[in-house]
Amino acid sequence: MPGRVLLIYIIALFTIQADYFKVDIRPSSLKSNIVGKIKIIDCVELVYGEIDGIDFEEISDLAYSNGNLYLISDKGVLSHFRATFDKNIDLKPIHSYKLHTKKGKFFTKKRDKDSEGLCIDDKNRLYASFERRAKVVELDTKGTVIKKLKLPSLLGNKKSYRGKNKQLESILYHPKYGLMIASEYPLRKSNRFIQTIYSLNGRNKFSFKTPHIKNIAITAIESMDSGDILILLRAYNGTVESFTTILAKLDISSCKNGMCNLNILAQLSRSDGWLVDNFEGLTRVGKNRYAIISDDGGHFYQRTLMLYFEVIE
């Protein structure tokens with residue numbers, strides 16, 4: 001583990017009051033905040049042992065609207081923060097809730113609470129996608145499952161996926177196409193380097209070629225101001241030191257016969273000195289501005305990082 005990462009953990013372990021603090025994940029040789037076609041505005045590590053007596057860990061996605069930031073974990077927990085994204089990140093935790101039915105019953109089985117994707121629509125309704133048992137649900141802001149939404153037949157069939165832990169990783173709300181979803185890896189009968197984003201209503205799908213990197217996967221998707229789709233990709237080969245984070249734009253206007261151009265905006269790799277972690281969540285927080293968050297996996301040697309940046313292409 002790099003020396004400055006170890007130092008951060010030591011500081012965090014002895015911090016009496018849980019909070020967040022500024023970190024620099026750039027290679028030591030890089031002095032600019034611009035990498036590729038993004039400008040890094042701020043980066044913080046979130047260190048909250050518990051919120052409302054519920055463990056704050058394994059954050060898999062986030063959604064932002066009008067100062068409200070919602071974070072969901074793959075342990076079936078929804079956390080509500082007040083947040084400001086201006087010259088830097090400002091966060092205030094409000095509450096955490098375990099996902100539950102309308103009758104107040106909590107989800108206890110991993111396959112039922114493995115929430116991986118989160119988004120918010122133009123009417124401030126929250127939606128979550130789940131991985132081990134592919135489904136999409138509407139949530140209220142206190143973690144109540146209001147209803148389960150119907151999936152396209154292909155995505156509703158567990159045999160379509162490459163594995164039970166490789167199902168619905170990501171969800172977004174698009175002003176034209178509505179709710180859209182993506183699996184973590186290409187479907188079982190698809191080319192390993194061709195991924196697809198599907199509209200929940202089954203009417204549209206957008207496919208693209210991913211970079212030829214081993215174990216590359218979609219971890220989050222988000223609508224852009226242009227109407228295109230921002231995609232968070234991750235490559236991971238078994239160790240923290242192998243993490244690669246890629247931010248790319250899916251150019252919808254370029255699509256022909258369902259295939260679209262993918263433009264790489266930035267690639268941040270551990271091998272190049274970036275102290276990236278397992279970035280899995282993505283949300284729009286302002287005009288051309290976004291935040292991504294990492295899943296610490298519940299491990300002491302990983303971190304919950306939030307990177308705030310602007311697309312400057």
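Tabulated results
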{"item": "Members of the range 166-196 that are among the aliphatic types (A, V, I, L, M) and farther than 20 Å from residue 125 by Cβ", "result": "187, 194"}
{"item": "Residue match in the range 226-242 (condition: under 16 Å from residue 37 (Cα atoms) and more than 14 Å from the chain's Cα centre (by Cα))", "result": "yes"}
{"item": "Filter result for residue 39 (outside any strand (DSSP E or B) and in contact (Cβ under 8 Å) with a residue 24 or more places away in the chain)", "result": "no"}
{"item": "Which listed residue is within 21 Å of residue 187 (Cα to Cα), of a type in the set (Lys, Arg) and at pLDDT below 95, from 209, 205, 214", "result": "214"}
{"item": "Residues that are in a loop (DSSP other than H, G, I, E, B) and either buried (at least 23 other Cβ atoms within 10 Å of the Cβ) or modelled with pLDDT under 95 (or both), drawn from the range 283-295", "result": "295"}
{"item": "Output for the range 61-115, where each listed residue is of a type in the set (Ser, Thr, Tyr) and either in contact with a Gly (Cβ under 8 Å, 6 or more places away or on another chain) or modelled with pLDDT of 95 or more (or both)", "result": "64, 65, 70, 73, 79, 84, 96, 97, 101, 115"}
{"item": "Tally, over the range 48-63, of residues that are part of a strand (DSSP E or B) and surrounded by fewer than 20 Cβ atoms within 10 Å (Cβ to Cβ)", "result": "4"}
{"item": "Residue within the range 263-274 that is part of a strand (DSSP E or B) and under 23 Å from residue 121 (Cβ atoms) present", "result": "no"}
{"item": "Members of the range 67-85 found to be in a loop (DSSP other than H, G, I, E, B) and out of contact with any Phe, Trp or Tyr (no Cβ under 6 Å at 6 or more places or on another chain), listed by number", "result": "67, 74, 75"}
{"item": "Residues of the range 117-158 satisfying the condition of being part of a loop (DSSP other than H, G, I, E, B), in contact (Cβ under 8 Å) with a residue 60 or more places away in the chain and not polar (S, T, N, Q)", "result": "142, 143"}
{"item": "Those residues of the range 54-98 which are without any contact (Cβ under 8 Å) to a residue 24 or more places away in the chain and at positive phi, in sequence order", "result": "67"}
{"item": "The range 159-173, residues that are surrounded by fewer than 17 Cβ atoms within 10 Å (Cβ to Cβ) and either within 14 Å of the chain's Cα centre (by Cα) or assigned to a loop (DSSP other than H, G, I, E, B) (or both)", "result": "162, 163, 164, 165"}
{"item": "In the range 15-45, the residues that are among the acidic types (Asp, Glu) and modelled with pLDDT under 95", "result": "19"}
{"item": "Residue 107 buried (at least 21 other Cβ atoms within 10 Å of the Cβ), on the phi < 0 side of the Ramachandran plot and either in contact with a His (Cβ under 9 Å, 6 or more places away or on another chain) or without any contact (Cβ under 8 Å) to a residue 40 or more places away in the chain (or both)", "result": "no"}
{"item": "Residue that is more than 20 Å from residue 294 (Cα to Cα) and among the hydrophobic types (A, V, I, L, M, F, W, C), where the choices are 21, 107", "result": "107"}
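The values are calculated or read from the model by the stated rules, or taken from the named source; none is laboratory data. Keep in mind it's a predicted model, so treat the numbers as computed, not measured. No Cβ is skipped: glycine too gets one built from the backbone with ideal geometry, and neighbour counts run over all protein chains shown.
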